[in-house]
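One structure is given here, and the rest of the page talks about it.
Coordinate-derived values only; no laboratory data. No experiment lies behind these values; they were computed from the predicted model shown. FYI the Cβ positions are ideal-geometry reconstructions off the backbone, even for glycines, and counts take in every protein chain you see.
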Amino acid sequence: MELDQYQVAIIGLGMMGRRMASNMAAHHKFNIYAGWDPNPAACAQARAEHPEIWIGETAQDIIGDSQTDLVYVASPPLSHEPHAMAAINAGKAIFCEKPLGIDVALSRALVEMAEERGLANAINFPFAACPAVSFIKDQLDVKGTGNVIGADVQLHFSQWPRPWQMDAAAWLTKRQQGGFVREVVSHFVFLTERLLGPASLESTRVHYPDGDGSEVRMVTVVNCRGVPVSVTGSVGGVGPDRVEFTLWGSDRSFMLHDWYWVKSSTGENWNQEIVDIVDPRQATYVGALDNLHALLQGKPNTTASFREGLSVQMLIEAILAA
């Protein structure tokens, strides 16, 4: 489906939906055509930020509209599957927030249906277009690490949800579909599988508060084709948040930190890499949309597919179930 500009319908106009709308509006290959959210205040905010947006009466209104080329699903996780399936039934390309869903069987059926219909489908894993991740992958491809010894993911959040997520606290703080494992660890499972191959769960321990609150601590080990990867995460306690992925090599190691930055080491010190990119976060956002556009055009791209999202979801739900 080669178009000069793709008309986007957004399901879910909370923080994530509006952030993506702003990024897409700044990208000349996308136009924010329509939106829907059950919360009138979210709709009003979206209209204030994007005066030309059409706010539909229902989600189906904007999904099924003849002008819609791409449906972006940014609603809470339990609603991803029905909205994405509605888009498939309408013959639309689909871009979905992670996780793909909560129920693995429903997500598997969704993936199979999208593939059977031949529809473009993508999950929003920004690491798929992150210059720092591309740098690490390039080094792996030329054996720049030497032997890969293992990897560590270390996460800490002084509070959950994070301050910018408080509008979604009603579900992010609950075990049913929230928590940092689904919201953040998912990104690093995707990253691990993109760099090292399919991951299998070896051991996990997850701690929950009393009641129906989401997890507060987890310790997990997965195996990627013989490479052990440890994942630790926690919530609570003063101090800066920590978001790190370290790939340990016999000759050279790499640390992805603060989401978009990478360092390397051949010994005692860590040295910052790709310093020529002034704003790697913005470069990642632009790269993600460039790759999404390439996907819609049927051209080579690095965008994460629904099938990759399903692989991530299966491991995440296995961690939480244990």
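At-a-glance table
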item: Computed over the chain: relative contact order in percent, which uses C-alpha pairs under 8 Å that are six or more apart; result: 19
item: Label assignment, log10 I(q)/I(0) by the Debye sum over Cα atoms at q = 0.07, 0.08, 0.09 Å⁻¹ derived from the structure, set (1) -0.32, -0.41, -0.51; (2) -0.28, -0.36, -0.46; (3) -0.42, -0.53, -0.63; result: (2)
item: Estimated vicinal HN-Hα couplings, Hz - the range 178-189 in sequence order (Karplus 6.51, -1.76, 1.60; Gly, Pro = x); result: x, x, 6, 5, 5, 7, 10, 4, 3, 4, 7, 5
item: Theoretical gain in end-to-end length, ASP210 to ASP138 [0.36 nm per residue, Cα-Cα removed]; result: 21.4 nm
item: Phi to ³J(HN,Hα) by Karplus 6.51 cos²θ - 1.76 cosθ + 1.60 over the range 277-284, Hz, x for Gly, Pro; result: 8, 5, 10, x, 5, 5, 4, 5
item: Set of lysines with alpha-carbon distance to LYS299 below 24 Å, sequence-local pairs under 8 removed; result: LYS29, LYS92, LYS98, LYS137
item: Given charges at beta-carbon only (K, R positive; D, E negative), |dipole| of the chain in Debye; result: 440
item: Under the Debye formula (equal points on every Cα, no solvent term), log10 I(q)/I(0) of the range 172-295 at q = 0.15 Å⁻¹; result: -0.91
item: Selection of trypsin sites (Lys or Arg not before Pro), the range 1-105, meeting DSSP coil and at most 16 other Cβ within 10 Å; result: LYS29
item: Degrees, to the nearest 10: 306-321 long Cα axis against longest axis of the chain; result: 60
item: Packing-based order for 308-317, 56-65, 165-174, using average beta carbon neighbours within 10 Å, highest first; result: 308-317, 56-65, 165-174
item: Nearby aspartates and glutamates by direct alpha-carbon distance to LYS143 (threshold 20 angstrom, same-chain neighbours under 8 apart not counted); result: ASP152, GLU193, ASP251, GLU273
item: Euclidean distance of C-alpha centroids, the range 72-87 and the range 164-194, integer Å; result: 16
